[in-house]
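Novice: Quick one: this structure, given as structure tokens, is what I'll be asking you about.
Just so you know, all these numbers are worked out from the coordinates, no wet-lab data involved. All of these numbers come straight from a predicted model, not from anything done at the bench. Here the Cβ positions follow ideal geometry from the backbone for every residue, glycine too, while neighbour counts run over all protein chains shown.
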Amino acid sequence: MPKLLPVRQDGDPILRQKAKKISRVDDSLRRLIDDMFHTMYNNETPGIGLAAPQVGVSMRLIVVDMQDEEHEPIALVNPEIVKASKEMVVAAEGCLSVPGMRGDVERHEWVTVKGRDEHGHETRFRAEGWFARCLQHEIDHLDGILYTDKATNVRYADEEQICTEQSERQASGEKVPVAI
Ligand code: NI
């Protein structure tokens with residue numbers, strides 16, 4: 001059974017460390033991946049992405065599930081952005097480590113990311129839109145960067161607002177919860 005891990009909150013020094021490269025993809029790493037997905041889905045505010053430092057593990061590992069028809073849930077080991085669009089887009093982000101807040105962040109419209117999957121196989125793909133945004137946000141976590149470092153108009157967003165945002169997104173077919 002996967003475990004629900006406590007999510008580290010802003011102010012915890014582990015969120016500010018540069019996470020270490022992973023040299024071996026083995027069963028214990030795959031257990032951590034399962035626990036991270038479980039934690040992301042079952043957090044008070046469910047997320048679409050989570051980075052290992054957020055659960056207290058300073059390693060270069062992220063999980064992302066856009067929860068739409070277009071994208072499969074993915075785990076990425078040692079993810080790197082190898083190419084990025086010149087075009088930038090601004091949108092409101094949240095983060096499981098900074099609960100109840102929102103801020104507007106400028107991100108590359110698309111990125112090409114490489115890394116390894118949960119079996120240790122090399123993978124390289126191009127991501128666009130919210131998927132690209134989520135990957136940039138999670139990879140920032142591995143370098144000790146929180147979205148609030150880059151955001152403008154950081155503001156409180158109460159539960160009601162978050163629920164409204166989520167149902168609006170669902171209504172528009174986006175199905176994207178805002179906490180990443
Ligand atoms: Ni985050």
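Novice: Multiplying the sequence separation of Asp26 and Met1 by 0.36 nm and subtracting their Cα-Cα distance, what value in nm do you get? Write down the numbers at each step before the final one.
Specialist: On the way: separation 25, 0.36 × 25 = 9.00 nm, distance 1.75 nm.
Extending this stretch completely gives an extra 7.2 nm.
Novice: Regarding the chain, what's the average projected area of the Cα-atom convex hull, expressed in nm²? Kindly include the intermediate steps, with their values, before the conclusion.
Specialist: Numbers: hull surface 39.3 nm².
Computed as one quarter of the Cα hull surface, the answer is 9.8 nm².
Novice: Okay, moving on. Given only helices, namely DSSP H runs of n ≥ 4 each adding -39500 (n - 2.57), what is the per-residue ellipticity at 222 nm of the chain, to the nearest 500 deg cm²/dmol? Don't jump to the answer; show the numbers that get you there.
Specialist: Working: 4 runs with 47 residues, N = 180.
Value at 222 nm, helices only, nearest 500: -8000 deg cm²/dmol.
Novice: Take Val82, project a point 7 Å from its Cα along the Cβ direction, then tell me which residues of region 110-150 have their backbone nitrogen under 11 Å from it.
Specialist: Residues 112-116, 122-126 qualify, since their backbone N sits under 11 Å from the label point.
Novice: If we sort 75-82, 8-15 on the protection proxy, mean other Cβ atoms within 10 Å, highest first, what's the order? Before the final figure, lay out the partial values.
Specialist: Values: 75-82: 19.4, 8-15: 14.1.
Those peptides, ordered most packed to least, come out 75-82, 8-15.
Novice: Out of Leu50, Leu146, Leu29, any idea which swings most in a Gaussian network model of the chain, alpha carbons joined below 10 Å?
Specialist: Between Leu50, Leu146, Leu29, it is Leu29 that shows the largest mean-square fluctuation.
Novice: Pick from Met88, Met59, Met101: which residue has the top mean-square fluctuation in a GNM of the chain where Cα pairs under 10 Å get a spring?
Specialist: In the Gaussian network model the winner is Met88.
Novice: Put +1 on the Cβ of each Lys and Arg and -1 on the Cβ of each Asp and Glu in region 13-171; which of Val64, Leu146, Ala19 then has its Cα farthest toward the positive end of the dipole?
Specialist: The residue sitting farthest along the positive end of the dipole is Ala19.
Novice: What trypsin sites (Lys or Arg not before Pro) in region 31-136 are in a loop by DSSP, with at most 16 other Cβ atoms within 10 Å of the Cβ?
Specialist: Working: sites: Arg31, Arg60, Lys83, Lys86, Arg102, Arg107, Lys114, Arg116, Arg124, Arg126, Arg133; in loops: Arg60, Lys86.
Passing sites in region 31-136 are Lys86.
Novice: Let me ask you something else. How large is the dipole of the chain about the Cα centre if only Lys and Arg carry +1 and Asp and Glu carry -1, each at its Cβ, rounded to the nearest 20 debye? Write down the numbers at each step before the final one.
Specialist: Values: 23 positive and 32 negative charges, 181 e Å.
It works out to roughly 860 debye.
Novice: For the chain, what is the percent of antiparallel DSSP beta bridges, rounded to the nearest 5?
Specialist: Numbers: 29 of 31 bridges.
So the antiparallel bridges amount to about 95 percent of the total.
Novice: Mean-square fluctuation check for the chain, GNM, Cα pairs under 10 Å: which of Val98, Val111, Val25 is largest?
Specialist: With Cα springs under 10 Å in the chain, the top fluctuation among Val98, Val111, Val25 is at Val25.
Novice: Follow-up question, since we're still on this one. Rank the residues Phe37, Phe125 as a footprinting-exposure proxy: fewest other Cβ atoms within 10 Å of their Cβ go first. Before the final figure, lay out each step's value.
Specialist: Numbers: Phe37 17, Phe125 13.
Going from least to most buried by this count: Phe125, Phe37.
Novice: What percent does the relative contact order of region 13-171 come to when contacts are Cα pairs within less than 8 Å and at least six residues apart? Working shown, then result.
Specialist: Numbers: 290 pairs, mean separation 38.6, N = 159.
Relative contact order of region 13-171: 24 percent.
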